[in-house]
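Report on the structure given below.
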Amino acid sequence: MVRAARPHSLLRRCTPHCVLLTALAASALATLAHSQGTRLWTQSRLEEFEKGTPQGVALTSEGAIREGPGLKEVLTTPSTFVWSVATDKNGTAYLGTGSPATVLRLGADGKPFTLFETHDLAMQVVRMGPDQNLYIAALPSGKVYKLAPGSATKQTDAEATVVFDASRVIKDSTPKSAAKPADKEDKDKEDKDKDGDKSSDKSDAKRYIWDMTFDSEGRLYIATGGPAAIYRVDPSKPEAPPQEFFKSDEQHIRALAWDNKGNLIAGTDGTGLVYRISPEGKGYVLFEAPRREIPALAVDASGTIFAASVGDKTHNPLPPLPIQGAGVVTITVLQPGSFQAAANASNSAPEGTDIYALEEGQAPRKVWSGKDEVVYALASRSDGIVAVTGNRGRIFRIASNGDYADVGHLEAQQALCLSASGDPQGEILIGTGNTGKLVRFGLQGQHEYASDVLDAGAMARYGRIEVEPGSSGYDLFTRTGNIEQPVRGWTDWQAVSGDRVASPAGRFLQWKAVLHPGGSLGSVGVNYLPVNAAPVVEEIVVVSGARLNPQAQAQPQQPTININLPSVNQGAVVNFDGGGNNPITAIKDRTAVTARWGAHDDNGDDLAYSLYLRGDGDRAWHLLKDNITEKAYTFDQTLIPDGGYQLRVVASDLPSHTPADALTGEKVSERFEIDTTPPVVAALKAEQAFARCAPAPCPAPAHVTFDAEDGMSAVVRAEYSLDAGPWQYIEPVGGLSDARREHYDFTIPSSAFDGKTGEQLLTVRVYDRHDNVGLAKTTFGAGAAK
């Protein structure tokens, strides 16, 4: 605490405006109701829990932490994206990648083998057929290849068997009236040969294969776009051409699934339709979504269809997707919707996803909505629908009644695809984008959750942990540190002792919960008390001749002064609370002095200020004013003797603490001067000699001399007036006005007298550095008093 000094003689003339007051502690006791006190940091909602790090736990929509599936990274590929994953009956995984475009085989030994490589841009779909052959769809060629999955050698697109070629399907289905003349076709072929086949055919670049699936008879269904159609291929009859099974006036068929009655379910891009297509190829629209695209479908054991819906129907906001070819040419592929473009650039993704449940005989129901998530794939499980998403790499489990849980956080921006085993409780393989990884989801392992990091704002002591009643089967741990990231320099995890934090004081805290089998944890709150930090006074500015006037506005013609802190003029960033670094305006008043300061408190405490004054040669500080709540103060300098002074600002956080715990911080201003005494004009003398002219004397120049002296500061300006006329500037001998005593010697020209030869009145005035004015006058000329 700051103690008030004994009154000094220079302040004995003060009016009540600046009279000595009692010490700050006595006047601040009435404000203790605003004491800082103990604080509580609580995490109780899903949005708060999602800021932490879950591992093998589910964060439910009700705001609870429960046991969940685990995640294990199996493989990081050289590619940017893993677009599709398939598994065979032995559990071998096959990955379709993009940038570069390959098919990788991952066996039990965990070592990847490049089974297929192509000059295409991406392997968009990979499916294991009932005949145990692998079927892959390439982009942008629009071809489907059949591969022997157990091959010991790498295959290329020139060696693999093509079972579907989108460009040929388009050509074969083109009406003869629209076909090119033979000579035109020959010319096109000739041009293509001349180009060395460096660019893809335009029809290839506009054809997409989005999904593939097999029916119970082993026939392959291929969902295409540009235009939207579904083709059926019978792998057992390689000589039979593909059949157009279903055609839509939409832009693309984006996703396929089978319902429990053997109907094919298809989702579109364009107006967001969900079709039910009979085995005969007859389509019926089950649902038109409010959004433009259905990128994923799933059907659960009860027959309920789940459809993910994304995009804005009014326009396609996504830009063309640049994809680098095999080191030869850059091809720009205009994607129809969110799927690939969103995975390539997160800022291109549409806003969120809605998932609808479609039950026979019931109206469509929205069961989930993600504001920031784009759903790329869905899978039905015994405990709900699993949705893998971007652009935060989250995995959600969604129940048909709308309850959901955040069950996985990937170390990648997008979860793009999944491959579920036949067991509805078994593991799921997930392919990711940015970067292209394969992740195993569903492993049983440790179930723990690490919270977000609490920043107490300053060193803090931690007390009791409050846990929601009904929570059970968990252990809690805490750790503390004084740097934000808990990667180094933090304490080790320490078990909570009873309901008390055992970790030592620190600015940052994190808690961790380890769940036992069947465990569940609700909201968690941590009580803490920041260790008090002393306030900091950063800067002080003292401006003479300025007065704050908060009660009345300045008159229109009344001059004002802007008072800035030095850090503002220098472009520095200073932590001032309450916007204290903004300019303030004061009224110009040479009888006043205004002090302004910047201060802050790391605890966010309320502050009160005391202002002290000390003159040159004094040892003691003298209280001007205490219990100031603003960061500026004006006092009357006419009540204080002239001289050099300094101000000291003392900031106290007593309004937020008890007197025993309150702390102070202070800063001393630069020296400034108080000067209220005007300069003195002495030895003013004016002499004028008249010339003889007929019929009367003529005016002559006047010679004037005088001295000016100020007791405190330099004399900076002098002027004279002849017969109450305009003021005229004059310079001292030597030209520089930089001393407390100046001598003036000048001549008033004869033209200034306008022919007058009688008595003249001469007035001079001089200014010191603080605008104090000294005046003197004399008369001269014919008839002037001697």
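Here are the numbers for this structure:
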{"read-out": "Verdict on Ala158 being at pLDDT below 95, out of contact with any helix residue (DSSP H, G or I) (no Cβ under 9 Å at 6 or more places or on another chain) and assigned to a strand (DSSP E or B)", "value": "no"}
{"read-out": "Subset tally (residues that are surrounded by 18 or more Cβ atoms within 10 Å (Cβ to Cβ) and of a type outside the set (A, V, I, L, M)) for region 88-98", "value": "4"}
{"read-out": "Members of region 266-307 found to be among the aliphatic types (A, V, I, L, M), open to solvent by 30 Å² or more (accessible area, probe 1.4 Å) and part of a strand (DSSP E or B), listed by number", "value": "Val285, Leu286"}
{"read-out": "Selected residue (criterion: farthest from Pro290 (Cα to Cα)) from residues of region 374-412 that are modelled with pLDDT of 90 or more and of a type in the set (Asp, Glu)", "value": "Asp406"}
{"read-out": "Candidate set from region 760-782 (those that are part of a strand (DSSP E or B) and small (Gly, Ala, Ser)); member that is farthest from Thr747 (Cα to Cα)", "value": "Gly774"}
{"read-out": "Test result for Leu565, in contact with a strand residue (DSSP E or B) (Cβ under 6 Å, 6 or more places away or on another chain), within 30 Å of Asp452 (Cβ to Cβ) and modelled with pLDDT under 95", "value": "no"}
{"read-out": "Members of region 46-60 found to be under 18 Å from Leu515 (Cα atoms) and either free of Cβ contacts under 8 Å to residues at least 40 places away in the same chain or not charged (D, E, K, R) (or both), listed by number", "value": "Leu46, Phe49, Gly52, Thr53, Pro54, Gln55, Gly56, Val57, Ala58, Leu59, Thr60"}
{"read-out": "Residue within region 632-641 that is of a type outside the set (Gly, Ala, Ser), touching a Cys at 6+ places or on another chain (Cβ under 9 Å) and not in a strand (DSSP E or B) present", "value": "yes"}
{"read-out": "Among (1) surrounded by fewer than 20 Cβ atoms within 10 Å (Cβ to Cβ); (2) at pLDDT 90 or above - the single one Gln570 does not satisfy", "value": "(2)"}
{"read-out": "Filter result for the condition that a residue is open to solvent by less than 10 Å² (accessible area, probe 1.4 Å), closer than 20 Å to Leu443 by Cβ, β-branched (Val, Ile, Thr) and in contact (Cβ under 8 Å) with a residue 12 or more places away in the chain, over Val103, Val82, Val74", "value": "Val82"}
{"read-out": "Considering residues of region 52-71 that are closer than 19 Å to Gln444 by Cα and assigned to a loop (DSSP other than H, G, I, E, B) only, the residue most open to solvent (accessible area, probe 1.4 Å)", "value": "Pro69"}
{"read-out": "Checking Pro732 against (1) open to solvent by 20 Å² or more (accessible area, probe 1.4 Å); (2) without any contact (Cβ under 8 Å) to a residue 40 or more places away in the chain; (3) in contact with an Asp or Glu (Cβ under 6 Å, 6 or more places away or on another chain); (4) assigned to a loop (DSSP other than H, G, I, E, B), the condition it does not meet", "value": "(1)"}
{"read-out": "Residue selected from region 472-483 under the condition open to solvent by less than 80 Å² (accessible area, probe 1.4 Å) and within 33 Å of the chain's Cα centre (by Cα), by the criterion farthest from Gly518 (Cα to Cα)", "value": "Ile483"}
{"read-out": "Any chance Pro659 is under 30 Å from Thr638 (Cβ atoms) and either out of contact with any Asp or Glu (no Cβ under 6 Å at 6 or more places or on another chain) or basic (Lys, Arg) (or both)", "value": "no"}
{"read-out": "Subset of region 706-729 (residues that are over 26 Å from Phe780 (Cα atoms) and assigned to a strand (DSSP E or B))", "value": "Val716"}
{"read-out": "Residues being within 24 Å of Gln132 (Cβ to Cβ), open to solvent by 30 Å² or more (accessible area, probe 1.4 Å) and not in a strand (DSSP E or B) - total across region 210-229", "value": "3"}
{"read-out": "Which listed residue is within 22 Å of Asp406 (Cα to Cα), in contact with a Ser or Thr (Cβ under 9 Å, 6 or more places away or on another chain) and either at pLDDT 90 or above or surrounded by fewer than 23 Cβ atoms within 10 Å (Cβ to Cβ) (or both), from Val329, Val310", "value": "Val310"}
{"read-out": "Search result, residues across region 620-665 that are open to solvent by 40 Å² or more (accessible area, probe 1.4 Å) and more than 26 Å from Asn562 (Cβ to Cβ)", "value": "Ala620, Asn627, Pro641, Asp642, Thr658, Pro659, Ala660, Asp661, Leu663, Thr664"}
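Each row is one residue, and each column tells you yes or no for (1) at pLDDT 95 or above; (2) surrounded by 15 or more Cβ atoms within 10 Å (Cβ to Cβ); (3) out of contact with any His (no Cβ under 6 Å at 6 or more places or on another chain); (4) among the basic types (Lys, Arg).
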{"position": "Ile465", "(1), (2), (3), (4)": "yes, yes, yes, no"}
{"position": "Gln485", "(1), (2), (3), (4)": "no, no, yes, no"}
{"position": "Phe508", "(1), (2), (3), (4)": "yes, yes, yes, no"}
{"position": "Trp511", "(1), (2), (3), (4)": "yes, yes, yes, no"}
{"position": "Val514", "(1), (2), (3), (4)": "yes, yes, yes, no"}
{"position": "Gly518", "(1), (2), (3), (4)": "no, no, yes, no"}
{"position": "Val524", "(1), (2), (3), (4)": "yes, yes, yes, no"}
{"position": "Glu538", "(1), (2), (3), (4)": "no, yes, yes, no"}
{"position": "Gln557", "(1), (2), (3), (4)": "no, no, yes, no"}
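The values are calculated or read from the model by the stated rules, or taken from the named source; none is laboratory data. Predicted, not measured: the structure shown is a model, and the values here were computed from it. Glycine also receives a Cβ, built like all others from the backbone with ideal geometry; neighbour counts cover every protein chain displayed. In case anyone asks, the SASA skips ligands and DNA or RNA and just uses the protein heavy atoms, side chains included. Shrake-Rupley method; radii C 1.70, N 1.55, O 1.52, S 1.80 Å.
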